[in-house]
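None of the figures in this text is laboratory data; all of them are computed from the coordinates on show. All values reported here derive from a predicted model rather than from experimental measurement. Cβ coordinates were reconstructed from backbone atoms using ideal geometry, including for glycine residues, and neighbour counts include every protein chain displayed.
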Amino acid sequence: MKKEYEVDFQSKDFRKMLIPVNEIPNKGNFIANTVLDKFPEFHQPIHNLNKNKIIKWIACVYDKESPFVIKFDDLNERKFAALEWCDLDIRNASKNNQKLLKIILKNRNKAVNKMIVSYVRAHNNSKYALCKGLEKQYYDELEMIQNGGVKRGVNIYNTQKRLESAMTDLLSGDRNTELEAELHASITFENLRRLRPEGIAQLLMEGEDPISEEEIYESK
C-alpha cells in the first residue's frame, strides 16, 4: 500500500535525538544501552504491539530534535506520519491492533502515556525541573491564599499559565488532558519524594542531588 506521508529523512537528521531511532531494531532489547533503561515503564510489555516500534514512535513524536517535530507542526499529522515510518501503519493493521493504535494516538493508553512522560523527562530534564518548581510554587501560593495571607508580587494565575506553557513545551505541543494528567502525576510524585527521608535516600543511591533540580528552577 502506498505510503500516505512521504518522508525522506537521512541518518544525520536523527543524530541529535536522545536515542538513535533510525538504528533501533524491530526485535530485541535495546533499552539496556540507553538512558531509558532506568525507567521501569520501558521494561513493561505493550499488549499485542511491538514495544520497540512504540518507543520509536514516542521518540519521533515527542523528541524536540526529531525530524518529525521539525517537519510537522500539526500534531495529528506528526503522529500519523511517525506511525507509518515506524511500520505501525494503522491501515495495514489487524482490526484489534487498529483499535489499540487508535487508543494510543488519542493518549488513552496509560502504559504508553507513562513512557511518553519518562521519555520527555529524560530528554529535557531542565524543563521537567522547571515544571516541578512551578508546580511547587503554585501550591505554595494557593496555600498562602487559603490561609488568608497576601504577599506582594504573588500572582497565582500567572504561575498557573507558566506551568501550563512549560508542560505543553515539554510535551512538544501535545495538550491532551490524559497525557497532561500523567505528567502532573509524575511531577507531584517527584516533588513529594524530595520531602521524604526515604525518597532523599533513594535519590542519593541513584546518584542524584535531591536539591539540584530546585536550583535549576531558582536560576530561571
Where labels lie 7 Å past Cα in the beta-carbon direction, separation of ARG108 and ALA185 in nm: 1.7 nm
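When you count, for each residue, the other Cβ atoms within 10 Å and take the mean per peptide, how do 60-72, 157-169 rank with the highest first?
On the way: 60-72: 20.9, 157-169: 15.8.
Top of the packing list down: 60-72, 157-169.
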Lysines whose Cα lies under 19 Å from that of LYS51, excluding same-chain neighbours fewer than 8 positions away: LYS27, LYS38, LYS79, LYS95, LYS99, LYS102, LYS106, LYS110, LYS114
FRET efficiency, GLN10 to GLU41 (Cβ-Cβ, R0 25 Å, nearest 0.05): 0.25
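Order of LYS38, LYS95 from fewest to most other C-beta atoms within 10 Å? Please report the intermediate quantities before stating the final value.
On the way: LYS38 12, LYS95 7.
Least crowded to most crowded, the residues run LYS95, LYS38.
I need the calculated FRET efficiency for the pair ASP87 and ARG193, taking r as the beta carbon distance and R₀ as 35 Å, to the nearest 0.05.
0.40
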For region 23-121, with +1 on Lys and Arg beta carbons and -1 on Asp and Glu, the positive-most of PHE72, ALA93, GLY28 along the dipole: ALA93
